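This report refers to the structure that appears directly beneath it.
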Amino acid sequence: MNEVEVMWQSWLSGLTSSERAAAESLRTQFEALGAADASDLVRSEIDGNQPELARFVLLRALWRGAIDGWATPGALDQVAAARRLLDAGADRDDLVLMARAIAYEAVFAVVDELDCGGDVNVSGVDVGWAVMESGEDGRPTGRVLSGLHEDLLATDPSGRDGADMWR
C-alpha cells in the first residue's frame, strides 16, 4: 500500500460507518471523473463541509464545454472570422489554441467575478451573488462554491493544467 492509501485508510478508520460509506462513494465519483487528488477532495468535503464534488463538476464542465469545445471538429468553422483566417492559410491547430486560450481567460474572468460575490468597483449598491451547490432535487444546500478561479487550471481534463494553450 502506498503512502496516500495508508493515509486514506487511517482517515477512514476515524469515521462512523455512514461517513465511511459516504467517503468511499465520493472517492469513487471523483476518481470516475478523473480527479487526481480524489482522497484530498473527499476529506475536504467531509471534514471541512466543502462542496468539492459540485466545484469539481462545475469547473470540469466549463473546461469541456467552453474551453475544450473549440477543439471539436467544426467548431472553428462556425465563426466567420476563423473561416476567413483558415481560407487565408492560417494553421487550424494554432487557431484552436488561440480560441481555447481566449475561452479560458473568459471563463477565468467569470468565475473570478463570481468568487468576489459582488462588484468591488461599485459603491452604494447592496447586492451581490453566490454560486451554491444544490441537491438532487435542485434545492440549494446552503454550501457556497467558493474559490472557483483558484482551481480552474487544476481541473483541466487533459491533466496538463492548461499548459498546452500557452506553448
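The values are calculated or read from the model by the stated rules, or taken from the named source; none is laboratory data. This is a predicted model, so every value here is computed, not measured. Note that each Cβ is placed from the backbone with ideal geometry, even for glycine, and that neighbours are counted across all protein chains shown. With ligands, DNA and RNA removed, areas are computed over all heavy atoms of the protein, side chains included. Shrake-Rupley method; radii C 1.70, N 1.55, O 1.52, S 1.80 Å.
Could you grab me the full set of residues in the range 112-139 that are within 14 Å of the chain's Cα centre (by Cα) and assigned to a loop (DSSP other than H, G, I, E, B)?
131
When the residues of the range 18-30 are filtered to those that are free of Cβ contacts under 8 Å to residues at least 24 places away in the same chain and not charged (D, E, K, R), which remaining residue is surrounded by the most Cβ atoms within 10 Å (Cβ to Cβ)?
Here is the first cut: in the range 18-30, the residues free of Cβ contacts under 8 Å to residues at least 24 places away in the same chain are 18, 20-21, 23-25, 27-28.
Filter once more, keeping what is not charged (D, E, K, R): 18, 21, 23, 25, 28.
Details: 18: 8, 21: 11, 23: 20, 25: 11, 28: 12.
Here the answer is 23.
Which one of the conditions (1) open to solvent by 20 Å² or more (accessible area, probe 1.4 Å); (2) under 17 Å from residue 150 (Cα atoms) does residue 51 fail to meet, given that it meets all the rest?
(1)
Of the residues that sit in the range 31-48 and are under 17 Å from the mean Cα position of the chain (by Cα) and surrounded by fewer than 19 Cβ atoms within 10 Å (Cβ to Cβ), which one is modelled with the lowest pLDDT?
Of everything passing the filter in the range 31-48, 36 is modelled with the lowest pLDDT.
For residue 92, indicate whether it is over 30 Å from residue 45 (Cβ atoms), touching a residue at least 12 places away in the same chain (Cβ under 8 Å) and of a type in the set (Lys, Arg). Talk me through it step by step, then tell me what you get.
Numbers: over 30 Å from residue 45 (Cβ atoms): yes; touching a residue at least 12 places away in the same chain (Cβ under 8 Å): yes; of a type in the set (Lys, Arg): yes.
When the stated conditions are applied, residue 92 passes them.
Among the listed residues 99, 109, 103, 81, identify the single one that is modelled with pLDDT of 95 or more, surrounded by fewer than 10 Cβ atoms within 10 Å (Cβ to Cβ) and part of a helix (DSSP H, G or I). Show your work before the answer.
Numbers: 99 fails: surrounded by fewer than 10 Cβ atoms within 10 Å (Cβ to Cβ); 109 fails: surrounded by fewer than 10 Cβ atoms within 10 Å (Cβ to Cβ); 103 fails: surrounded by fewer than 10 Cβ atoms within 10 Å (Cβ to Cβ).
Of the residues listed, the single one that is modelled with pLDDT of 95 or more, surrounded by fewer than 10 Cβ atoms within 10 Å (Cβ to Cβ) and part of a helix (DSSP H, G or I) is 81.
Can you name every residue in the range 112-144 that is at pLDDT 95 or above and polar (S, T, N, Q)?
Correct list: 134, 141.
Please work out if residue 76 is surrounded by 14 or more Cβ atoms within 10 Å (Cβ to Cβ) and either farther than 20 Å from residue 135 by Cα or touching a strand residue (DSSP E or B) at 6+ places or on another chain (Cβ under 8 Å) (or both). Talk me through it step by step, then tell me what you get.
Values: surrounded by 14 or more Cβ atoms within 10 Å (Cβ to Cβ): yes; either farther than 20 Å from residue 135 by Cα or touching a strand residue (DSSP E or B) at 6+ places or on another chain (Cβ under 8 Å) (or both): yes.
Spelling it out, residue 76 is indeed surrounded by 14 or more Cβ atoms within 10 Å (Cβ to Cβ) and either farther than 20 Å from residue 135 by Cα or touching a strand residue (DSSP E or B) at 6+ places or on another chain (Cβ under 8 Å) (or both).
Only residues in the range 1-17 that are under 18 Å from residue 41 (Cβ atoms) count as the first member; pair them with residues that are in a helix (DSSP H, G or I), Cβ under 7 angstrom, at least 6 apart or cross-chain, and list the lot.
Taking only residues 6 or more apart or on different chains, the pairs are 4/39; 8/39; 11/43; 12/20; 12/23; 15/23.
Just wondering, is there one or more residues in the range 52-61 that are in contact (Cβ under 8 Å) with a residue 60 or more places away in the chain and either part of a loop (DSSP other than H, G, I, E, B) or among the basic types (Lys, Arg) (or both)?
yes
Could you go through the range 45-57 and let me know if any residue there is among the small types (Gly, Ala, Ser) and farther than 30 Å from residue 92 by Cα. Please lay out each step first, then the result.
Our first condition is that a residue be among the small types (Gly, Ala, Ser); within the range 45-57, this holds for 48, 54.
Filter again for farther than 30 Å from residue 92 by Cα, leaving 48, 54.
Yes - at least one qualifying residue is present in the range 45-57.
Does at least one position in the range 10-30 carry a residue that is part of a helix (DSSP H, G or I), modelled with pLDDT under 95 and closer than 24 Å to residue 161 by Cβ?
No; the residues of the range 10-30 include none that is part of a helix (DSSP H, G or I), modelled with pLDDT under 95 and closer than 24 Å to residue 161 by Cβ.
Given the conditions (1) crowded, with 16+ Cβ neighbours inside 10 Å; (2) within 19 Å of residue 116 (Cβ to Cβ), and given that residue 162 satisfies all but one, which numbered condition is not satisfied?
Going through the list (1) crowded, with 16+ Cβ neighbours inside 10 Å; (2) within 19 Å of residue 116 (Cβ to Cβ), residue 162 breaks only (2).
Residues are listed down the side, and each one gets a yes or a no for (1) touching a Leu at 6+ places or on another chain (Cβ under 7 Å); (2) more than 25 Å from residue 50 (Cβ to Cβ):
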position	(1), (2)
107	yes, no
110	no, no
115	yes, no
133	yes, no
138	no, no
147	no, no
165	yes, yes
